[in-house]
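A.B. asks: To start, I am sharing the structure in question, which I have written as structure tokens.
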Amino acid sequence: MEITIDIEDPMPLFTQLVEQIKSAIVNRKIKPGDSLPSIRQLANDLELNSKTVAKAYKLLERDLVIQSKGYRGTFVHPEAIINSKMDLNADVLAQLEQAISACKTAGVTDSEIRIAFSNAMNSKNN
Amino acid sequence: MSIHILFYALFLSQIILISYYYPTQIIKRIESVIKNFPPENYPKLYPESIEKVIAAKVRYQFLNQIIIVIGLILMGVYAFMSKDYDGDKKFAEGLPLMFGMVQFIPFMMIEISGFRQFKLMRKANKSTSRTAGLAPRKLFDYVSPISVITAIILLFGYVLFDLYIHDFIFTSDIIIKIITLCLVHALFIALAIGQLTGKRLDPHQAVKDRSQQTEFSLQSMVAVSMLVSLFFIANSAVDFFQLGYLEILINSIYFQVIAFFGIGGMLRNIRLDNTNFDVYKAEKVTV
């Protein structure tokens, strides 16, 4: 199974990597439990900075698409097929839209929503 | 006398194998590439002009011919010098080793030229897309654990054997041999890491071909490691059993076996009909 990235593509390199790996999982090109190349190997093969590959792996690990098992390496997560189909960005957007709609129905102005969102983001708890 | 006849046969075989047979195979391979994958259709394969490739091939052929002549002269010199030799002591044992090193010079030149070509290929590569395999490259995917364990056992076996026959005294000779082995194996480990996780030298090389090349490189390094240990064991054994007259034969055999596994292995394993040359074709320009 091969992946191809384009360094001139407007999509960030780490996003291209995340998408390609998810696509390989969804299309059953790689199966849950399969091992993945090390960050160093993939970075050298794609002539990328290893931080870019590390960032992509971190995001995939967060989304439970891959799992790191220390010195044994990185593997495709057992629930990777379902988790790869889940779009976290779309989920966040839907939840925010719902919240904004509820605020507007209650008569809150746009600027008040922006200030509240900014305060919420800057809150120590977030 | 029989040692002389054996030596002539082995030395002649060393000359033919390393300076005639394998170079002829390599030249045939270069000619086949030029014929079947010409620069008009496969421009990425030729970062330099075809004339330069042909000139390098002619130089390589000529250098090997000179080495054949040197080898034959050395055989004559040996015949002249050995006429008073009594046949049970060491005599000119370094000859096959020294000559063997000279024989490998054209191969090293071809390797260096290859690295230069790859550098030019990388420089000329304007493609913005990069491809990689999603399978990890691990040592035991390419070489069997048994071969690696055998190589390690042979390495320690040699050290123990040499120490045993020298009553476990670290003589300067043993220390030099151990340091040599350590350096050779450190180089192998660095090369193996480079093969497994390093950048590919050829920017266009297909993932499958890289995997095949990695397999060959790792297998040949393990084989050479075993051979070096066996060679050191054999050399120490002939000294210990006072069979020094055999050393000249062992040295010649050693170089031929190294060439068989190294150059011969490359010719047998990395075949042109299995290599993906489509990656060297010109990219289609879309308007």
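The values are calculated or read from the model by the stated rules, or taken from the named source; none is laboratory data. It should be emphasised that the depicted structure is a prediction, and the values quoted were computed from it without experimental measurement. When we count neighbours, we look across all protein chains shown, and the Cβ atoms used for this are built from the backbone with ideal geometry, even at glycine.
A.B. asks: Out of (1) at pLDDT below 90; (2) farther than 30 Å from B:LYS138 by Cα, what's the single condition that is false for A:ILE115?
C.D. replies: (1)
A.B. asks: Still on this structure, I have one more. If you check B:PHE240 against the conditions, is it of a type outside the set (Gly, Ala, Ser), touching a residue at least 12 places away in the same chain (Cβ under 8 Å) and buried (at least 16 other Cβ atoms within 10 Å of the Cβ)?
C.D. replies: no
A.B. asks: Let me ask something else about it. Of all residues in the stretch A:29-53, which are more than 8 Å from chain B (Cβ to nearest Cβ) and free of Cβ contacts under 8 Å to residues at least 12 places away in the same chain?
C.D. replies: A:ALA43, A:ASN49, A:SER50, A:LYS51 - these are the residues of the stretch A:29-53 that are more than 8 Å from chain B (Cβ to nearest Cβ) and free of Cβ contacts under 8 Å to residues at least 12 places away in the same chain.
A.B. asks: To continue, here is another question. Can you name the residue in the stretch B:263-277 that is in a helix (DSSP H, G or I) and without any contact (Cβ under 8 Å) to a residue 60 or more places away in the chain and is also farthest from B:ILE18 (Cα to Cα) among such residues?
C.D. replies: B:ASP273
A.B. asks: I would also like to ask the following. Looking at A:ASP91, A:ASP87, A:ASP110, which one is free of Cβ contacts under 8 Å to residues at least 12 places away in the same chain, of a type in the set (Asp, Glu) and surrounded by 12 or more Cβ atoms within 10 Å (Cβ to Cβ)?
C.D. replies: Testing whether each residue is free of Cβ contacts under 8 Å to residues at least 12 places away in the same chain, of a type in the set (Asp, Glu) and surrounded by 12 or more Cβ atoms within 10 Å (Cβ to Cβ) leaves just A:ASP87.
A.B. asks: Right, next: I need the full set of residues from the stretch B:154-175 which are in contact (Cβ under 8 Å) with a residue 60 or more places away in the chain and either loosely packed, with under 15 Cβ neighbours inside 10 Å or not hydroxyl-bearing (Ser, Thr, Tyr) (or both), in order please.
C.D. replies: Residues satisfying the conditions are B:LEU154, B:LEU155, B:GLY157, B:PHE161, B:ASP162, B:ILE165.
A.B. asks: Here's another thing I want to ask about it. Is it the case that some residue within the stretch A:91-100 is in contact with a Phe, Trp or Tyr (Cβ under 7 Å, 6 or more places away or on another chain), at negative phi and either within 14 Å of another protein chain (Cβ to nearest Cβ) or of a type outside the set (Lys, Arg) (or both)?
C.D. replies: For the stretch A:91-100, residues in contact with a Phe, Trp or Tyr (Cβ under 7 Å, 6 or more places away or on another chain), at negative phi and either within 14 Å of another protein chain (Cβ to nearest Cβ) or of a type outside the set (Lys, Arg) (or both): absent.
A.B. asks: Further question: From the list B:ARG130, B:ARG116, pick out the single residue that is more than 30 Å from B:ILE253 (Cβ to Cβ) and within 14 Å of another protein chain (Cβ to nearest Cβ).
C.D. replies: Criteria check complete, one pass: B:ARG130.
A.B. asks: Can A:LYS22 be described as away from every other protein chain (no Cβ under 11 Å), in contact (Cβ under 8 Å) with a residue 60 or more places away in the chain and among the basic types (Lys, Arg)?
C.D. replies: Judged against the criteria, A:LYS22 is a match.
A.B. asks: Consider only pairs whose beta carbons are under 8 Å apart and that are at least six residues apart or on different chains; among these, list those whose first residue lies in the stretch B:134-153 and is away from every other protein chain (no Cβ under 14 Å) and whose second residue is of a type in the set (Ser, Thr, Tyr) and surrounded by 15 or more Cβ atoms within 10 Å (Cβ to Cβ).
C.D. replies: Correct list of pairs: B:ALA151/B:SER225; B:ALA151/B:SER229.
A.B. asks: Applying the selection to the stretch A:1-29, what residues are buried (at least 19 other Cβ atoms within 10 Å of the Cβ) and either of a type in the set (A, V, I, L, M) or out of contact with any strand residue (DSSP E or B) (no Cβ under 6 Å at 6 or more places or on another chain) (or both)?
C.D. replies: A:ILE3, A:ILE5, A:LEU13, A:PHE14, A:LEU17, A:VAL18, A:ILE21, A:LYS22, A:ALA24, A:ILE25
A.B. asks: From the list B:ALA55, B:ALA9, pick out the single residue that is under 30 Å from B:MET75 (Cα atoms), among the small types (Gly, Ala, Ser) and over 18 Å from the mean Cα position of the chain (by Cα).
C.D. replies: Only one candidate passes the filter, namely B:ALA9.
A.B. asks: Any residue that is outside any helix (DSSP H, G or I), loosely packed, with under 14 Cβ neighbours inside 10 Å and out of contact with any Pro (no Cβ under 7 Å at 6 or more places or on another chain) - is there at least one of those in the stretch B:90-112?
C.D. replies: Among the residues of the stretch B:90-112, at least one is outside any helix (DSSP H, G or I), loosely packed, with under 14 Cβ neighbours inside 10 Å and out of contact with any Pro (no Cβ under 7 Å at 6 or more places or on another chain), which makes the answer yes.
A.B. asks: Quick one: in the stretch B:16-29, which of the residues that are free of Cβ contacts under 8 Å to residues at least 60 places away in the same chain and under 18 Å from the mean Cα position of the chain (by Cα) is surrounded by the fewest Cβ atoms within 10 Å (Cβ to Cβ)?
C.D. replies: Per the stated criteria, the residue is B:THR24.
A.B. asks: Sticking with this one: Say we look at the stretch B:30-49 and pick out the residues that are in contact with a Leu (Cβ under 9 Å, 6 or more places away or on another chain) and surrounded by fewer than 13 Cβ atoms within 10 Å (Cβ to Cβ); which of these is farthest from B:ILE110 (Cα to Cα)?
C.D. replies: B:ASN36
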